[in-house]
Amino acid sequence: MRKILVTGGAGFIGGNFVHQLISKDIAQVINLDLLTYAGNINTLASIIQHPHHTFVHGDINDKNLVQNILNQHTPDAIVHFAAESHVDRSIDGPATFIHTNVVGTFSLLESARNYWEKLEGNNKKNFRFLHVSTDEVYGSLGASGYFTESTPYAPNSPYSASKAAADHLVRAWHHTYGLPVLTTNCSNNYGPYQFPEKLIPLVIHKALRGEPLPIYGKGDNIRDWLYVEDHCSAINRVLEAGQPGQVYNIGANNERTNLQVVDSICQTLDELVPSSPHIPHAHLKTFVPDRPGHDQRYAIDASKITRELNWQPQGSFETNLRRTVQWYLQNSSWLQQVMNGSYLGQRLGISNN
């Protein structure tokens, strides 16, 4: 059984990835997470004591800690999720994004390189460093076209710029030092355990409380929506068979405007919660001033990972959105615990500082 060091494994995508590895008996996991506002130990409640899961509370910038983990557990791979990830928060406070996403990735790369260089034989040959990134590094699309692995980078927010910088570091560590890296760039994720500052869980939370559902601008910004379990299966497939130095775009060909997504959530809640006093939930929609520099459209061409690694997403957007809404309805205690912290559903990303 493989041993994998997962950074950010108590967050949204990282937490789902760890659950998938453990539930399918794919690997032993060493899970390193700083447990910032978006990292939640309750996300790991069902596996925290699993014999194949080891949780370490710590920072990827702590080189001594990371080196000790690598020396003690001798993982076969590092899968790097740990990152600040919300565009609105990056507008209000970009420094944190530079520290975690850029400096943190540099620090982790150096720790990985020092570890990898000491490996021998097949252990060295088979080691992988997989960096999980975003389609936002490519900038904004017009009404047509798709992001491919060769699309020039043109990040437009502090968040996407920090991820683009991290991508470039990962590429450079491969070409300069030979570190066997893999990079994935994904479209917008949705599913269980997502922090409710993001559109889908925020709308679910607010709709159930009868609060206004904020829609930026005209609601016509388009995203390609990827179910998180599909994303995790794609990452695992890249880890298994991806070629070192290569980039793989991961998407599901599910383009929707933000307004369409909100309408779908409202319709699903109307059906699943017929006793709600706020039916029809669509009456709660409220248009608010747009995000500064809001990218108009993202869309992924995922043909490379399908062609080369035989991966494709499962299920439709409607089916997986319904599963997502059902999960939040069935796990209201998880959502309530998150909403009892510093984030209470307030608008972010409008700072003039």
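The values are calculated or read from the model by the stated rules, or taken from the named source; none is laboratory data. Computed from a predicted model, the values in this text were never measured in an experiment. Counting neighbours? That spans all protein chains shown, and the Cβs are built from the backbone with ideal geometry, glycine included.
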*Evaluate the range 109-121: report whether one residue or more is surrounded by fewer than 22 Cβ atoms within 10 Å (Cβ to Cβ), on the phi > 0 side of the Ramachandran plot and over 16 Å from the mean Cα position of the chain (by Cα).*
yes
*Output the residue which, of all residues in the range 198-213 that are under 19 Å from Gln337 (Cβ atoms) and either hydroxyl-bearing (Ser, Thr, Tyr) or in a loop (DSSP other than H, G, I, E, B) (or both), is farthest from the chain's Cα centre (by Cα).*
Glu211
*Pairs with Cβ under 6 Å, 6+ apart, first in the range 245-262 and at positive phi, second of a type outside the set (A, V, I, L, M) and modelled with pLDDT of 95 or more*: Gly245/His174
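Could you please give the count of residues in the range 149-197 that are among the small types (Gly, Ala, Ser) and either in contact with a strand residue (DSSP E or B) (Cβ under 9 Å, 6 or more places away or on another chain) or modelled with pLDDT under 95 (or both)? Walk me through how you get there before you give the answer.
Let us first name the residues in the range 149-197 that are among the small types (Gly, Ala, Ser), namely 150, 154, 157, 160-162, 164-166, 172, 178, 187, 191.
If we keep only those that are either in contact with a strand residue (DSSP E or B) (Cβ under 9 Å, 6 or more places away or on another chain) or modelled with pLDDT under 95 (or both) too, we end up with 150, 157, 160, 164, 166, 187, 191.
Summing the residues that are among the small types (Gly, Ala, Ser) and either in contact with a strand residue (DSSP E or B) (Cβ under 9 Å, 6 or more places away or on another chain) or modelled with pLDDT under 95 (or both) in the range 149-197 gives 7.
Counting only residues that are among the acidic types (Asp, Glu) and within 22 Å of Pro313 (Cβ to Cβ), which one in the range 213-229 is surrounded by the most Cβ atoms within 10 Å (Cβ to Cβ)? Even if it seems obvious, please write down each step before you answer.
Of all residues in the range 213-229, those among the acidic types (Asp, Glu) come to 220, 224, 229.
With the extra rule that they be within 22 Å of Pro313 (Cβ to Cβ), the set shrinks to 224, 229.
Details: Asp224: 25, Glu229: 20.
Filtering the range 213-229 for residues that are among the acidic types (Asp, Glu) and within 22 Å of Pro313 (Cβ to Cβ), the one surrounded by the most Cβ atoms within 10 Å (Cβ to Cβ) comes out as Asp224.
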*Enumerate the strands (runs of 3 or more DSSP E) found wholly within the range 1-104, keeping only those where 2 or more residues are in contact (Cβ under 8 Å) with a residue 40 or more places away in the chain and surrounded by fewer than 17 Cβ atoms within 10 Å (Cβ to Cβ).*
2-7
_Would you confirm, using the coordinates I've provided, whether Pro212 is of a type outside the set (A, V, I, L, M) and touching a residue at least 60 places away in the same chain (Cβ under 8 Å)?_
yes
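Being part of a helix (DSSP H, G or I) and of a type in the set (Lys, Arg) is the filter here, so list the residues in the range 105-140 that pass it. Break it down into steps so the answer makes sense when it comes.
Step one: filter the range 105-140 for residues part of a helix (DSSP H, G or I), giving 105-118, 121-126, 135-138.
Correct list: Arg113, Lys118, Lys124, Lys125.
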*Assuming Pro280 fulfils every condition listed in (1) over 30 Å from Ser23 (Cα atoms); (2) of a type outside the set (D, E, K, R); (3) touching a residue at least 40 places away in the same chain (Cβ under 8 Å); (4) touching an Asp or Glu at 6+ places or on another chain (Cβ under 6 Å) apart from one, which condition is it?*
(3)
